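Reviewing the structure listed below.
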Amino acid sequence: MTLWRNRELRQHVNVIDGTVAPSTILTNATYLNVYTNQWMEANVWIYENRIVYVGENLPEETTGTNLYDCQGKFVVPGYIEPHAHPFQAANPEETVMYAAKTGTTTFVNDNLTWYLLLNKKKTFSMINAFSKLPVNMFWWNRFDSQTILKDDHVFNTRDVLDWAEHPLVIQGGELTDWPSLLTGGDRLLYWIQEMKKLGKPIEGHLPGASSRTLTKMKLFGISSDHESMTAEDVLKRLELGYRVSLRYSPIRPDLPEIIKGLLDKGLSQFDNMSFTMDGPTPAFMEDGIINVCIEKAIENGLPAETAYRMASYHPARHFNMEEEFGSIAPGRVANINILLDKQNPHPESVISKGKWIKKDGEAIPYPSVINWEEFDITSVEFDWELTDEDLQFSSPIGMDMVNDVIIQPYTIVSDVSADQISSSKSEQFIALIDKHGKWRVNTIIRGFAPKLGALVSSFSATGDVIHIGNSKKDIRIAAKRMRELGGAIVLVDQGEILAEMPLPLGGVMPKNAMEELIPMNKEIKKVLKVHGYAYEDPIYSLLFLSAFHLPFFRITQQGLLDVKKREIVIPATMR
């Protein structure tokens, strides 16, 4: 990856020769050299967005140079999130700029939302706009939608290969539709091989996979996986040559137990591991992203030096970006965290792309660079309204929530023909309705938040509208409010709006600052808990209602889906 033109490279060398002054110098720095795994003393010279020198010398020319004394502090590379979903009840700009203040300065992001919101030309303009942020933004190349779509041509060879060749796209996957590889999915296999030819790794999605399946996936070209739930899962993948991201996420906070398990097993080699939060919701990332993962790892016995390397150098090496990212060395992008203590990964100061993001504990304000309207991402105009027919429920098969991710089918025996289901029952109405009002899928869900009158959400796997509740009257109130907001998550009970999160960006993303989204997110979860929601994160529950990479039964654009058989049990109804 070439980030600098020849003229810029010559200028960098001129800094060493003393004819050009560095932009910033970190003096008296005790920094972690990720190549020797040692803390070393040095002065770090930065010119614009690049580290040009690390050593004992100071430059001859310092006119206009900002000198920052790091005496008594510790300097580590900026942290890298290798598996980001920056759309989880937030928008990517707010997500990454908030996280950057806590030291995560590089993100490798899911592109699925762009597939569903924009055409390819608009999307490529959008991701180029994101590269103007003072944070490093890279992207995946998705091969599937994680659900069953009405239009199965959304993912096609021309678009996938164009994504593959984009310089800001550095990974294929995540591969949620891996079962189709086992059943002869040659188109998918072709896409994977084309990515590999470009030197870009393929991220798997292989929860609970056996050694036999993992071996087959390795033969197909899968490079890495983030779905380990135990130390045994990690070791199984490492032994087969996978790179492994250890996860600390809202619904899989497995990291502490995995670290303890690996250390108990005597593992001392962590070079093929990194960290991920796998798409935290606003409330979960209140204290940051990768800095929190490092903290959990250190607390559970991992040496600090190993944890910092896992947070920076290891993912850079995995993405073939070691020459630009992941270390404090000449030639690297100036992504640097300054700590008060080696054991405390929460930085006092942060530099990203050579710019101060936080300095001496104070965040540096930056104006927004994303003009959402320019990319036609605005509030949704829902030109349809709920009808009585939309709220008729006669399906014989319902959805039974076992936990955040597992939903089983069950036979509905209750009388659900009335306008309200008793809150003493576990059941609620559920309808997924096309955001354009063309179709609907109706059934009953058991075990969501059975005491709640209504939740209506335009945040979903596809941007279609989820209606859940035990009261049709409350569902209508929540749906009306959602339409007024141009997209939202709205909770209503006994005619009263209890909580809401406006989603004016395409109906799936808020505009609010993260500092506003965190209390909104907490309030939604609090209200749902009071009304019987028994799981970890309702944002994920909404997202996963349609997700075919999870067992066993889902509500999709085409109808109710038997995941294992990949069959539509009850088709969608046209409105």
**Request:** Identify all residues within the range 334-362 that are open to solvent by 10 Å² or more (accessible area, probe 1.4 Å) and in a strand (DSSP E or B); write none if there are none.
**Result:** 341, 344, 355, 356, 358, 359, 362
**Request:** Might you let me know whether the range 562-573 holds any residue that is open to solvent by less than 10 Å² (accessible area, probe 1.4 Å) and among the aliphatic types (A, V, I, L, M)?
**Result:** no
**Request:** Would you be able to say whether some residue in the range 316-330 is open to solvent by less than 50 Å² (accessible area, probe 1.4 Å), in contact (Cβ under 8 Å) with a residue 24 or more places away in the chain, in a helix (DSSP H, G or I) and hydroxyl-bearing (Ser, Thr, Tyr)?
**Result:** no
**Request:** Just name the residue that is least open to solvent (accessible area, probe 1.4 Å) out of those in the range 363-395 that are among the β-branched types (Val, Ile, Thr) and farther than 30 Å from residue 78 by Cα.
**Result:** 377
**Request:** Sort out for me the strands (runs of 3 or more DSSP E) sitting completely within the range 402-476 that have 1 or more residues that are farther than 20 Å from residue 489 by Cβ and not small (Gly, Ala, Ser).
**Result:** 407-411, 427-433, 439-446
**Asked** Out of curiosity, is residue 518 buried (at least 23 other Cβ atoms within 10 Å of the Cβ) and either without any contact (Cβ under 8 Å) to a residue 40 or more places away in the chain or closer than 18 Å to residue 281 by Cβ (or both)?
**Response** no
**Fill in**
Considering residues that are surrounded by fewer than 22 Cβ atoms within 10 Å (Cβ to Cβ) and not acidic (Asp, Glu), the number found within the range 426-444 is 6
**Complete:** Quick count over the range 367-388, residues being out of contact with any Lys or Arg (no Cβ under 8 Å at 6 or more places or on another chain) and either in a helix (DSSP H, G or I) or among the aromatic types (Phe, Trp, Tyr) (or both), is 2
**Message:** So if I check each of 420, 408, which one is over 28 Å from residue 562 (Cβ atoms) and in contact with a strand residue (DSSP E or B) (Cβ under 6 Å, 6 or more places away or on another chain)?
**Reply:** 420
**Complete:** Matching residues in the range 526-539 (under 19 Å from the mean Cα position of the chain (by Cα) and crowded, with 21+ Cβ neighbours inside 10 Å) number 3
**Complete:** Within the range 396-425, of all residues that are small (Gly, Ala, Ser) and surrounded by fewer than 19 Cβ atoms within 10 Å (Cβ to Cβ), the one farthest from residue 454 (Cα to Cα) is 414
**Message:** Given the options 278, 287, name the one that is farther than 23 Å from residue 319 by Cβ, assigned to a loop (DSSP other than H, G, I, E, B), touching a residue at least 60 places away in the same chain (Cβ under 8 Å) and within 19 Å of the chain's Cα centre (by Cα).
**Reply:** 287
**Request:** Looking only at the range 67-81, count how many residues are open to solvent by 10 Å² or more (accessible area, probe 1.4 Å) and either modelled with pLDDT under 95 or within 13 Å of residue 43 (Cα to Cα) (or both).
**Result:** 6
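I want to confirm something. Restricting to the range 449-469 and keeping residues that are of a type outside the set (D, E, K, R) and in contact with a His (Cβ under 9 Å, 6 or more places away or on another chain), which single residue is surrounded by the most Cβ atoms within 10 Å (Cβ to Cβ)? Can you show your working first?
Restricting attention to the range 449-469, the residues satisfying the condition of being of a type outside the set (D, E, K, R) are 449-450, 452-463, 465-469.
Narrowing further to those that are in contact with a His (Cβ under 9 Å, 6 or more places away or on another chain): 449-450, 452-457.
Working: 449: 27, 450: 22, 452: 25, 453: 26, 454: 28, 455: 32, 456: 28, 457: 28.
Among them, the one singled out is 455.
The values are calculated or read from the model by the stated rules, or taken from the named source; none is laboratory data. All values reported here derive from a predicted model rather than from experimental measurement. As a convention, Cβ positions derive from the backbone with ideal geometry for all residues, glycine included, and neighbour counts pool all protein chains shown. Just the protein is used for accessible areas: all its heavy atoms, side chains included, with ligands, DNA and RNA removed. Shrake-Rupley method; radii C 1.70, N 1.55, O 1.52, S 1.80 Å.
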